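The values are calculated or read from the model by the stated rules, or taken from the named source; none is laboratory data. Every value quoted in this text rests on a predicted model; they were computed, and no experiment measured them. Note that each Cβ is placed from the backbone with ideal geometry, even for glycine, and that neighbours are counted across all protein chains shown. Heads up: the accessible areas ignore ligands, DNA and RNA and are worked out on the full protein's heavy atoms, side chains in. Shrake-Rupley method; radii C 1.70, N 1.55, O 1.52, S 1.80 Å.
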Amino acid sequence: MSRVYRYVLPEVSEQLAAWRRFAETMPDEELRRQAIASMTDKRFHCEGGAVYAAANLPKRHVLIPLIVAFQTISDYLDNLCDRSTSLDPADFRALHQSMLDAVHPQRPLGDYYAHRAEQEDGGYLAALVKTCQSCVGLLPSYDAVKEDVSWLVSLYCDLQVYKHIRPDKREDELARWWSANESGYSSLRWNEFAAATGSTLGVFALFLAAAEPGLTRERTAAIRESYFPYVCGLHILLDYLIDQEEDRIGGDLNFCSYYESTETAVARIADIVKKAREQVAQLKTPAFHRMIIEGLLALYLSDPKVRSQREVRSVSRLLMKGSPMTRLFFWANSYWIRRLTGRS
């Protein structure tokens, strides 16, 4: 946490300030509004993702710009799709091609706005993509992780297309997608698989690993399998858990709403926590990855949204029961940060 406060958060702030200045010059009003809103409302996504750079400070000059740029693309596109002037899957697919291009350093840029009315972003999205391409090119072991990074990003892009199309088509498309992947993840329900694909943490863990020379394909596979589906699934299920009331009011898709009861949700999420801990215990630096898991639990379960939802409060109490000191520390830290920033 000392490294996070001293190095990571200030450098994330610098990166976001630069991207915000760029966004403010975007010619199209709607694109400009959504770009600025994504950095304002979802800033903590970049701050949380950049924690991975604390594990390799000498490479933070590559990891922090990379993680911030990649996460900023994700948040910007999520805003464009979530609050979209379009429900066209071709539009969502073209937009998210930018994320796939971002993790392939030699790939030419595409026409990401080809299927939407808003076109003029002043080169903002292209600049984010080129920043990612430049940074991954500086990671000494990127070739060892590129295939797995691309696979995770492809799943992420698929989810963003299917979850943002017309509401009457979403569940059918998600079910079809699940049927094509179910055989590899028989321990999961469809909503848990979908949730896991929505996390960028597996990508960030692989970026961190690639910053180290001599990374083997075997170690890469171990990281991917540790993060996907359990760590990634836990991340997004917790996010959906605390957003249930908001999503119910807004009519938005929420993967936690597909559990039959609160008791079922608790049991399933608790099982995913257990499996996530077991998986990361096999990694080269298990303490760091275990810290990520406990930090996720603390961050989400200390959110002010929990207090206003009776059922979510009960889930929170059960998941925090027998909490190790690490999680208690992060719970207190998360609460204090919200007080300092006025987000409590």
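Numbers at a glance
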{"item": "Label point 7 Å beyond Cα of Arg3 along Cβ direction - residues of the range 123-157 with amide nitrogen under 15 Å", "result": "none"}
{"item": "Mean Cβ neighbour count within 10 Å, used as a protection proxy, ranking 237-249, 128-140 highest first", "result": "128-140, 237-249"}
{"item": "Hz values of 3J(HN,Hα) by residue in the range 221-227 - Karplus curve (6.51, -1.76, 1.60), Gly and Pro given as x", "result": "4, 5, 5, 4, 6, 6, 7"}
{"item": "Reduced Cα scattering model of the range 158-257, Debye log10 I(q)/I(0), q = 0.16 Å⁻¹", "result": "-0.75"}
{"item": "In Å, descending, principal axis extents of the Cα set of the range 87-128", "result": "29, 22, 12"}
{"item": "Whole-Å distance, taken between Cα centres, linking the range 228-295 and the range 1-29", "result": "28 Å"}
{"item": "At 1.567 mPa s and 4 °C, Stokes diffusion of the range 73-147 via Kirkwood alpha-carbon radius, µm² per second", "result": "99 µm²/s"}
{"item": "Long-range tail of P(r) for the range 46-203 (Cα pairs > 25 Å, %)", "result": "33 percent"}
{"item": "Karplus-derived HN-Hα couplings along the range 278-289 (A = 6.51, B = -1.76, C = 1.60, θ = phi - 60°), whole Hz, x at Gly and Pro", "result": "4, 5, 6, 5, 8, 7, 5, 10, x, 4, 5, 6"}
{"item": "Length-normalised contact order for the chain - Cα pairs under 8 Å, 6+ apart - percent", "result": "13 percent"}
{"item": "The chain: most fluctuating residue of Asn254, Asn56, Asn181 per GNM, C-alpha cutoff 10 Å", "result": "Asn181"}
{"item": "The chain - mean residue ellipticity at 222 nm from DSSP helices (-39,500 (n - 2.57) per run, n ≥ 4, rounded to 500)", "result": "-22000 deg cm²/dmol"}
{"item": "Accessible area in the full protein assembly, largest first, 1.4 Å probe, for Tyr185, Tyr258", "result": "Tyr258, Tyr185"}
